[in-house]
Structures are given as C-alpha cells and as structure tokens.
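Here is the structure we will look at.
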Amino acid sequence: MSYRLTLCVACVLAFAVWAPQAHAAPLQAGSDGLRCQVATPVLRVRSAPNADQVGTAYGGTWLQAMARNTDQTWAKVNWSGHQAWVMTQYLRCDGALEDLTTADETPEADAASAASPNASASSSSVSDDPAIPPLAQAMYDAVNAVRARFGLPAYSLDPRALDAAQWQADDMVARRYFAHNTPDGRRPADLMHDRGLPCPGWCGQNIIMGMTRDEIGYSIQWFMNSPVHRANLLSQRYSGIGIGVAQTSSGTRYYVLNFFGE
C-alpha cells in the first residue's frame, strides 16, 4: 500500500472537516506591510539585524515585511507567526522597501523564544534535540506521549525533517493552499530528500490546521481516529520526525509533521 497516496486523500478530508482554507489578500506596501519572496536558496532568519539566527527561510517562500532598518539593509518580517529580521538583499518584493516604516532593531522577544524549546514541555523532549518553536514542541511532545502509551520509543527530532516541514508550512501560508504536494508539484518526499533524508523510502506526512486553544489535542485525537494518520503516529518503521508550524494573518495555523526511517 502506498502511504503517500492514501495520506493525500485522508488529509484533504481533515482539511474539509476541520476548518476552511484561509483567503488572505496579497499584501501591498502600507499598513499591512510589503509582500516579499526569498530570492536565495537559504535565508537566515534572525531575532535582530546581525543577531542570533532563529530559523531558516528557503527560496521561493513569501514573507510579510512590516518594517526596515534605517539604511534598508534589513527588513522586519512576519515569520511563522513571529517577528524577525532578514537581509533585504536576498528578498524580491512587490513594492519599494523605502515605503516601509523604520523600526527599532532590538531583538524581538517572540522571535528569540521561537529558537528555544517550550519551558513547560514534557519530559519526552530530549535535551540535545534541535530547538523548535513552542507550538511545534507541544505537538512533538503530544505525539511522543501517544507513542509512550503504546510502549513505543519516542521519535527523535531531526533538523532535516524540521527544515522541510517548516518550509512547507510557510509555503502553505504564503501561497494559500493546504495539500501534501506544493502547487508546482513538489512532494513531501522531494522536500525531505533535498535536505538529505533517504526519501523515497520510509517517509510519511500528516498535515492539519486550526485556530483553537485545544487544537493540538484535537489534532492528536483526529489523527488517532484516522487509520492512515494513526499509522504514522504509531509506526515502528519511522524513527525521526520534523514539525513545522506557520500562521496566517487571520490566526489559522498550519501544522506539518514529517516522519521518516533510516
């Protein structure tokens, strides 16, 4: 049985049952900011200009630029629901950067926290795992809590699967779609393989979205009630996981869970 094909059908049903797709209008320069596309294969996202890296945006990802520094070399962007900074020379924007307001260049608290695991995370987290944003950490802990109930070992976090999952979550928000395959036909296996994971092979994906206080608990319940999603949570073939979370301007969050085995 092809896990990849059945997952696509099941997750479309998850989308139809849970929430409507967000319809965000293209951003123009002004109070809503400026719509910019990453024009380099890999772009470092930082808490402030020349400060610590808090994440990565990949080529083709659309970001909402809200402000700039004085000399327009850095832009303050909305990145996966957080305020962060990127270098403008690697952006291709729909308008002029000079039209953006200037902003304080001190590190954003939410961007800095995005690089650290949730302080209240459960003991299922491994101290040497890659740092992930709080909501991704909460989903990771919830997945491993389910596995523990069934006597299964915890999934380990893998930076390659994390990068692929975060890129796809950001891409869903930017291009306003909800599907395993991107609009240009790239599959989850392609995205993971590009980052060094052995796909095709034992690779799978769950996706879901929501905007409620208990959306992680709901997601786990929904996955467990769907045979193909449940199989990914409780697989003994997979050993690693990567989780990406991105949020639309209306507050809807997209979760991408990548699973793999080596």
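The values are calculated or read from the model by the stated rules, or taken from the named source; none is laboratory data. Source: prediction; values computed, not measured. In case anyone asks, the SASA skips ligands and DNA or RNA and just uses the protein heavy atoms, side chains included. Shrake-Rupley method; radii C 1.70, N 1.55, O 1.52, S 1.80 Å.
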Checklist entry - Could you give the Stokes-Einstein D for region 159-238 in µm² per second, using the C-alpha Kirkwood radius, 4 °C, 1.567 mPa s? => result 94
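Express the accessible area of region 131-258 per residue in Å², computed with a 1.4 Å probe while the remaining protein chains stay in the model.
Details: 4770 Å² over 128 residues.
On a per-residue basis, 37 Å².
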